[in-house]
Amino acid sequence: MTVAQRIRNKTQTVKGRITENLGRVTHNRRLQRQGRADRVSGNLKQAVEKAGDAFKR
């Protein structure tokens, strides 16, 4: 996994966490769902890349 991909995935996870919390504070369910989707997607991408790296070695 390249450094750029790691940064991109981590940024997506952090952005999702921020959006989800903003949705909680403002009681906006759409923002909560959108943030949760971004967070989970970023975490999933990180896990896939880590698994791929493990099999390359």
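The values are calculated or read from the model by the stated rules, or taken from the named source; none is laboratory data. As the structure is a prediction and not an experimental result, all values here were calculated from the model. When we count neighbours, we look across all protein chains shown, and the Cβ atoms used for this are built from the backbone with ideal geometry, even at glycine. All accessible areas refer to the heavy atoms of the entire protein, side chains included, with ligands and DNA or RNA removed. Shrake-Rupley method; radii C 1.70, N 1.55, O 1.52, S 1.80 Å.
Just a yes or no: is a residue in segment 46-56 hydrophobic (A, V, I, L, M, F, W, C) and within 14 Å of the chain's Cα centre (by Cα)? Scanning segment 46-56, I find at least one residue that is hydrophobic (A, V, I, L, M, F, W, C) and within 14 Å of the chain's Cα centre (by Cα), so the answer is yes. Only residues that are surrounded by 14 or more Cβ atoms within 10 Å (Cβ to Cβ) and assigned to a helix (DSSP H, G or I) were counted in segment 27-36, giving 5. If the condition is being over 10 Å from residue 12 (Cα atoms) and either open to solvent by less than 60 Å² (accessible area, probe 1.4 Å) or not in a helix (DSSP H, G or I) (or both), then segment 38-48 contributes 46, 47.
For residue 4, the criteria (1) loosely packed, with under 12 Cβ neighbours inside 10 Å; (2) in contact with a Gly (Cβ under 9 Å, 6 or more places away or on another chain) hold in every case but one, which is (2).
Of the residues making up segment 16-57, those that are of a type outside the set (Ser, Thr, Tyr) and free of Cβ contacts under 8 Å to residues at least 24 places away in the same chain number 27.
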